[in-house]
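Below: the structure, in structure tokens.
The values are calculated or read from the model by the stated rules, or taken from the named source; none is laboratory data. Because the structure is a prediction, the values reported are computed rather than measured. Note that we place each Cβ from the backbone using ideal geometry, even for glycine, and neighbour counts take in every protein chain shown. The protein model used for the area step is the full one, side chains on, heavy atoms only, and it has no ligands, DNA or RNA in it. Shrake-Rupley method; radii C 1.70, N 1.55, O 1.52, S 1.80 Å.
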Amino acid sequence: MNIRVTLAFNGSRYHGFQVQKNGLTVCQAFQDGLEALLGFRPDVKGCSRTDSGVHAMAFELNFHADTAIPMEKLPLALNRYLPEDIRVLRACQVPEDFHARYSAHSKQYLYRLRNSGIDSPFDKGLYWRYVGPLNVAAMDAAAQRLVGKHNFAAFMSAGSSIIDTVRTIYRFSVEREGDMVLFLVEADGYLYNMVRILCGTLVEIGAGRMPPEKIDRALQSGLRADAGPTLPAQGLFLKQVCYQQEEASCHG
């Protein structure tokens, strides 16, 4: 059967999701747990690669396996064999043609910025801290310039080999909640480090170091130098993966 699993993980000690030769990854740890539970190691298809240090609130993956474990009991069974910084939230059987990555309509990312001179004792490592005033209203207004179908080449890490750099951002908001500034973006796809560069550009605007019109120039020029810096990975979360037809039978 084709099984869809939703994970939450703290990515601080992992080199992203995808298996790598040199470095522990979320997929490797998850497959280790699968093998311990099922007695074999299924091939896993993830919804995204994710960079080193990036977290996830709801990362989707799927794999094929024949198991007698009921889907409603699979999360608890798997969590027994996973490290504490990776948790299975839900599991369900899906159609054979479901693919966690290619069946996705869009993905939502959340970036958490703590706008304070003092770190939080509760969730340090799950945000990036910025000291200094930020005009969040100006940042949110500038974010709307990025909504729509554009060539986002300027918002991709230099040296990336991706040729098709056109993506569609469906929505982008920047809001303040106390000391936290929250960036929420939803798009049909992302380039390498795109979200972190988008947020870095908006921080430059909020700090008054970059005019909002520079976004238009960056979209037109495609030059990395016209966009802002790449923010650190620890503030970035994959928040949600959206599919055209959500499975109603997933269990937590």
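Output wanted: per-residue J couplings in Hz (rounded whole) for region 107-119, from phi through Karplus 6.51 cos²θ - 1.76 cosθ + 1.60, θ = phi - 60°, x for Gly and Pro.
Whole-Hz 3J(HN,Hα) from phi for region 107-119: 10, 10, 10, 10, 10, 10, 10, 9, 8, 7, x, 10, 6.
How large is the accessible surface of VAL136 in square angstrom, using a 1.4 angstrom probe and rounding to the nearest 10?
Answer for VAL136: close to 20 Å² accessible.
Taking R0 as 45 Å, what's the FRET efficiency between LEU223 and ASP97 from their Cβ-Cβ distance, rounded to 0.05? Each step should come with its number before you reach the end.
Working: r = 40 Å, r/R0 = 0.89.
For R0 = 45 Å, the calculated efficiency reads 0.65.
Would you please calculate the Kirkwood hydrodynamic radius of region 143-211 over all C-alpha pairs and express it in Å, rounded to one decimal?
Evaluated over region 143-211, this radius sits at 12.8 Å.
May I ask for the net charge around THR50, where only other residues with Cβ less than 15 Å from the Cβ of THR50 are counted and Lys, Arg are +1 while Asp, Glu are -1? Show your work: numbers first, answer last.
Values: positive: ARG13, LYS45, ARG49, ARG101, LYS107, ARG196, LYS239; negative: ASP51, GLU60, ASP85.
It works out to a net charge of +4.
On full extension of the chain, what length is gained from CYS242 through VAL166, given 0.36 nm per residue of separation minus the C-alpha to C-alpha distance?
On the way: separation 76, 0.36 × 76 = 27.36 nm, distance 1.95 nm.
Result for the pair: 25.4 nm of gain on full extension.
Quick one: what does P(r) look like for the chain with 10 Å bins over all Cα pairs, in whole %?
Histogram of Cα-Cα distances, whole percents per bin: 7, 30, 32, 21, 9, 1.
What does the charge add up to near ARG112, with Lys and Arg as +1, Asp and Glu as -1, over the other residues with Cβ less than 11 Å from its Cβ?
Its environment carries a net charge of 0.
Given a Förster distance of 41 angstrom, what is the FRET efficiency for ARG80 paired with ASP188, based on the Cβ-Cβ distance and rounded to 0.05? Show your work: numbers first, answer last.
Values: r = 36 Å, r/R0 = 0.89.
After rounding to 0.05, the efficiency reads 0.65.
Quick one: check the C-alpha center-to-center distance for region 107-122 versus region 52-105, whole angstrom.
That distance is 27 Å.
With all protein chains present and a 1.4 Å probe, how do MET194, MET57 order by accessible area, largest first?
Numbers: MET194 0, MET57 75 Å².
Highest to lowest solvent-accessible surface, that is MET57, MET194.
Express the C-alpha Rg of region 55-200 as a ratio against the empirical globular expectation 2.2 N^0.38 Å, rounded to two decimals. Let's see the in-between values first.
On the way: Rg = 18.8 Å, N = 146, 2.2 N^0.38 = 14.6 Å.
Taking the Cα Rg and dividing by 2.2 N^0.38 Å, one obtains 1.28.
Taking 28 Å as the cut-off for C-alpha to C-alpha distance, list the pairs among LYS149/LYS239; LYS73/LYS124; LYS124/LYS239; LYS45/LYS73 that go past it.
On the way: LYS149/LYS239 21 Å; LYS73/LYS124 32 Å; LYS124/LYS239 18 Å; LYS45/LYS73 21 Å.
The answer is LYS73/LYS124.
Which three semi-axes in whole Å describe the equivalent ellipsoid of region 8-85, each the square root of 5 times a Cα gyration tensor eigenvalue, listed largest first? Let's see the in-between values first.
Values: eigenvalues 89, 34, 27 Å².
Result for region 8-85: semi-axes of 21, 13, 12 Å.
Arranged from highest to lowest average of other beta-carbon atoms within 10 Å per residue, in what order do the peptides 206-212, 139-145 appear?
On the way: 206-212: 15.7, 139-145: 19.6.
Put in order of decreasing packing, that is 139-145, 206-212.
Under a crude label model (7 Å from the Cα following the beta-carbon direction), how far is SER120 from SER173 in nanometres?
In this crude spin-label approximation the distance works out to 1.8 nm.
Multiply the residue gap between LYS73 and GLN144 by 0.36 nm, knock off their C-alpha separation, and tell me the result in nm, one decimal place.
Numbers: separation 71, 0.36 × 71 = 25.56 nm, distance 4.29 nm.
The span from LYS73 to GLN144 would gain 21.3 nm if fully extended.
If I model a spin label at LEU89 and VAL19 as a point 7 Å from the Cα along the Cα→Cβ vector, what separation in nanometres do I get?
2.5 nm
Sort the following peptides by mean Cβ neighbour count (other Cβ atoms within 10 Å, averaged over residues), highest first: 15-25, 42-52. Don't jump to the answer; show the numbers that get you there.
On the way: 15-25: 15.2, 42-52: 18.7.
By packing density, highest mean first, the sequence is 42-52, 15-25.
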